[in-house]
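Visitor: Here you go, one structure.
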Amino acid sequence: MYISVRDRPTTEKNKATSTGTAARPPVGRVVIILGVVSMLTDISSESVAAILPLYLTVVVGLTPVAYGFIDGLYQGVSALVRLGGGWLADAADRPKWVAFLGYGVSAIARVFLLFATGAAGIAAVVTADRIGKGIRTAPRDSMISTSTPTEHLGRAFGVHRMLDTIGAALGPLIAFGLLWAVPDDYTVVMVVSLAFALMGVALLGLLGPDVRAKREHTGPTPPPFRWRDLTDRRLRPLLAVAGGLGLLTVGDGFVYLALLDHADVTVTWFPLFYVGTNVAYLLLAVPAGRLADRVGRARVLVLGHLALVGAYLCSVLPTSTVAATVGTLVLLGCFYAATDGVIAAVAGRLVPVQARSSGIAAAQTVVALARMLASAGFGLLWLLLGPATAMVSVAALLVLAILVAATRVGRLDGAVTTAA
């Protein structure tokens, strides 16, 4: 938490302003509250995600084809509404309440999940949950960006993602613990999931600060949001780089399946792969953010994909089971630590202040859609070449893409510095 400089004597206020960073700490109250909200929400969503495949196929009795359709909705729907959520937050200059709407929609979806039966009903509930996620993501990241000094953005997003990922790691553990205590009672998991979702919504509504980009802006009053703000010449290179790298970022599930295929890991441990990746992510999120602040956020964003290359290779190259498993999970966590929050930190400073939420949403949407296409294409490649050859081929292409993207790093980081 911090004390506003408006409560200090005039001389202290002037002194804080002249030093640039004395008025606000590297990681303030806004980041912590939003991080805890995300942690509670991720406990809710990931506890359900961990049991959803078993629940849908064993209890509801869906076919693998029907489950695949629902899983596709779960992975991709949020990408289609992120830009709308960002636009609404910018147009109304009310990012807190747009984020609150998104969290609320997801919480309501948890209620209906208790009563949904059949493929159509469950698909509708999953779609609503992911729409909520898409609405809230950009406004939330915009509040973090607005409330944090530019030189500490990487660290702030790292702290937020660390708290978020603690929830992502705890969710599956809570789900499996409940099923161990009450075997086959998936309803218990859903009720607990709903409780965590409601706690997150209540925390944001009651204690979440109303951080508004236009109000917090210290310069001349910015003009209203315009769609052409998203075509800013500083943002276009980031969208191109992020989209190109995203096209070679296959889903975690494929990486885990490849690891399972060659490392002789028992199927029982498969759900815990997600936990291992999340633990590595939360341990590395803050160090990666601080590194990005020091050496350049675009540089860390691009070079962080080298960890993904390493994860691809670890999952298929001949080595011991322990080395392959640990290496794959740690490298995947490192990749997410270097990219997930960093891209929001970069995008938020490449557009005018009145378009901050939309700029972040544009970058996140490009990445999400590119990864959807990557997973679909990789599924075909897996079928044609086999898991090992397909994974090595994508790793080689990703190395080439990183080399090309690295030529834009200096320009992107320079644009961020100029904008700041």
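Visitor: For region 299-420, what is the accessible area per residue in Å², given a 1.4 Å probe and the full set of protein chains? Spell out each step's value before the answer.
Guide: Values: 4580 Å² over 122 residues.
With the other protein chains kept in place, region 299-420 gives 38 Å² per residue.
Visitor: Ignoring ligands, DNA and RNA, what percent of the accessible area of region 275-396 is carbon or sulfur (1.4 Å)?
Guide: 75
Visitor: Using only the heavy atoms of the protein chains and a 1.4 Å probe, how would E46, E151 rank by accessible area, largest first?
Guide: E151, E46
Visitor: While we're here: What list of ³J(HN,Hα) couplings, whole Hz, do you get for region 380-385 from phi and the Karplus terms 6.51, -1.76, 1.60, once you set θ to phi - 60° and write x for glycine and proline?
Guide: Computed from phi, the couplings for region 380-385 are 5, 4, 4, 5, 7, 10 Hz.
Visitor: Also, I was wondering about something else. From the phi angles alone, apply the Karplus equation (6.51, -1.76, 1.60; θ = phi - 60°) to region 181-194 and give each ³J(HN,Hα) in whole Hz, x where the residue is Gly or Pro.
Guide: Ordered by residue, 3J(HN,Hα) equals 6, 10, x, 6, 9, 5, 4, 4, 4, 5, 5, 4, 4, 4 Hz.
Visitor: Sticking with this one: For region 274-362, what class follows from the C-alpha gyration tensor (a ≥ b ≥ c being the square roots of its eigenvalues): rounded when a/c is under 1.5, otherwise prolate if a/b is larger than b/c, else oblate?
Guide: Prolate, because a/c is 1.5 or more and a/b exceeds b/c.
Visitor: Return the long-range amide H neighbours of V211 (sequence gap of 5 or more, or a different chain), with a cut-off of under 5 Å between placed amide H atoms.
Guide: Here K96 satisfy the definition.
Visitor: How much length would be gained if the chain were fully extended between V392 and L306, taking 0.36 nm per residue of separation minus their Cα-Cα distance, in nm to one decimal?
Guide: 29.6 nm
The values are calculated or read from the model by the stated rules, or taken from the named source; none is laboratory data. Note that the coordinates shown come from a computational prediction; the quantities given were computed from them, not determined experimentally. We work out accessible area using only protein heavy atoms, side chains counted, and drop any ligands, DNA or RNA first. Shrake-Rupley method; radii C 1.70, N 1.55, O 1.52, S 1.80 Å.
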